[in-house]
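Below is one structure, written out as structure tokens, with a few remarks after it.
Since every read-out is calculated from the coordinates, none of them should be taken as a lab result. It should be emphasised that the depicted structure is a prediction, and the values quoted were computed from it without experimental measurement. Ideal geometry is used to build each Cβ from the backbone, glycine not excepted, and the neighbour counts take in all protein chains shown.
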Amino acid sequence: MNAYGSQAMSTPLLRVLMRRPGDSLRRAEAQEWHYGPTFDAEKAILQHAEFTGLVEKSGAEIIWMEDDGDGLADSMFTHDPSLMTDHGAILLRMGKPLRSVEPDLHEKAYAAAGVPVLGRIVAPGTVEGGDCVWVDQHTLAVGRGVRTNQSGIDQLQDILKPLGVTVLGFDLPLWQGVEACLHLMSVISPLAERLALVHAPLMPAALYLMLQDRGYTLIHAPESEFHDSNGLNLNVLPTSPGHVIMVDGFSITREVMEAHGCVVETFEADALCIACEGGPTCLTRPVLRR
């Protein structure tokens, strides 16, 4: 069996690419990186370690990228610079200029881990991993918005068409503006096969209706907690079908998932996820799901 491959969102997580935050986060200027008022680098580093413990507990092997002080504070959010397929990785092109060199870090990490690169998004295209959701093994939904453009979506389709994958683009709202980050995965988190947590008011209507047509059960997260968490209550990482990790402090969101049979683990993340606009899913790039 290959040590890579994933065209699913919630099958068992066996191998994952992560980056441990360190000096780059300690030196980050909150205003420059659009970090919120609860940002505290030392506390965020401790919270990342707590999250890491939950990932390790799941049995997943972590491929580590280390923070060597390169100044790339957001690179702890490894979900965005690349996308995994059953035939290798696709190196993406970031829509946030401060993150433009991160795909090169992923390229090096994949080379060291024995993961082939299937393709790469090039200018003028942009695609970020947070805008990509596997609806099923042969359908990739991609959010078209501030971070991902039509050229990038077209390039993704060209790369994935030989694999029998259809790429469907869906327009995202601007929400809180160009500097903030609304990815497609800000409004939908798959939890198990045909089960997803959603924030319906910001979902593309065509995607919502398509998922219903395909037999998905869509769990509506409470709007109050979505706004209180800046959308991070919805950013939920499945380590296996129905077994998920989420940010602590949003009990109603947890309860609605548990009511649908999910097992939910939490970690404190006010300084890490809430402040830095990236949740448990963002902190991981699945390399192998089966």
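Taking Cα centre as origin and charging only the Cβ of basic (Lys, Arg, +1) and acidic (Asp, Glu, -1) residues, the dipole magnitude of the chain rounds to 860 debye. Largest mean-square fluctuation among S82, S229, S251, in a Gaussian network model of the chain whose springs join Cα atoms under 10 Å apart, belongs to S251. Each Lys and Arg contributes +1 and each Asp and Glu -1, all at the Cβ; summed about the Cα centre of region 178-270, the dipole is approximately 440 debye. Neighbours of L17, meaning other residues whose beta-carbon lies under 13 angstrom from its beta-carbon, give a summed charge of +1 when Lys and Arg score +1 and Asp and Glu score -1. Each Cα pair under 8 Å and six or more residues apart adds its separation to the average, and for the chain the resulting relative contact order is 27 percent.
Sites listed here are trypsin sites (Lys or Arg not before Pro) in region 15-119 whose DSSP assignment is loop and whose Cβ has at most 11 other Cβ atoms within 10 Å: R27. Exposed loop sites were defined as GluC sites (Glu not before Pro) in DSSP loop states (anything but H, G, I, E or B) carrying at most 16 other C-beta atoms within 10 Å; in the chain the longest segment without such a site runs 30-178. What FRET efficiency would be calculated for the residue pair Q157, E32, taking the C-beta separation as r and a Förster radius of 25 Å, to the nearest 0.05? That pair, Q157 with E32, gives E of 0.15. Label sites at L46 and V256, each approximated as a point 7 angstrom past Cα along Cα to Cβ, lie 3.2 nm apart. Write down the percent of antiparallel bridges among all DSSP beta bridges whose residues are both part of the chain, to the nearest 5. So the antiparallel bridges amount to about 45 percent of the total. With a cut-off of 11 Å, note down the residues of region 181-212 whose backbone N falls inside the zone around a label point 7 Å from the Cα of H227 toward its beta carbon. Under cut-off, by backbone N: nothing. In the set [x] 18.4; [y] 14.8; [z] 13.0, the label that goes with mean projected area of the Cα convex hull in nm² computed for this structure is [z].
In region 78-168, Cα pairs under 8 Å separated by at least six residues give a relative contact order of 26 percent.
Here each label is just a point 7 Å from Cα along the line to Cβ, and for A113 and Q176 those points are 2.9 nm apart. Would you calculate the separation in nanometres between label points at E193 and V101, each defined as 7 Å from the Cα along the Cα-to-beta-carbon direction? The modelled label-to-label distance comes out at 4.4 nm. Each of I63, Q150, G130 was placed along the dipole of region 13-289 (beta-carbon charges, centred on the mean Cα), and the one lying farthest toward the positive end is Q150. The alpha carbon gyration tensor of region 168-250 gives principal lengths a ≥ b ≥ c with a/c of 1.5 or higher and a/b no greater than b/c, which makes the shape oblate. Largest GNM mean-square fluctuation across Q157, Q212, Q31, computed for the chain with C-alpha springs under 10 Å, falls on Q31. Taking H243, H48, H260 in turn, the Gaussian network model of the chain (Cα-Cα springs below 10 Å) assigns the largest fluctuation to H260. The alpha-carbon of K43 sits under 24 angstrom from the alpha-carbons of these lysines, leaving out residues fewer than 8 places away in its chain: K57. Between the listed residues V165, M257, L105, the Cα displaced farthest toward the positive end of the dipole of region 13-289, a dipole computed from Cβ unit charges relative to the Cα centre, is found at V165.
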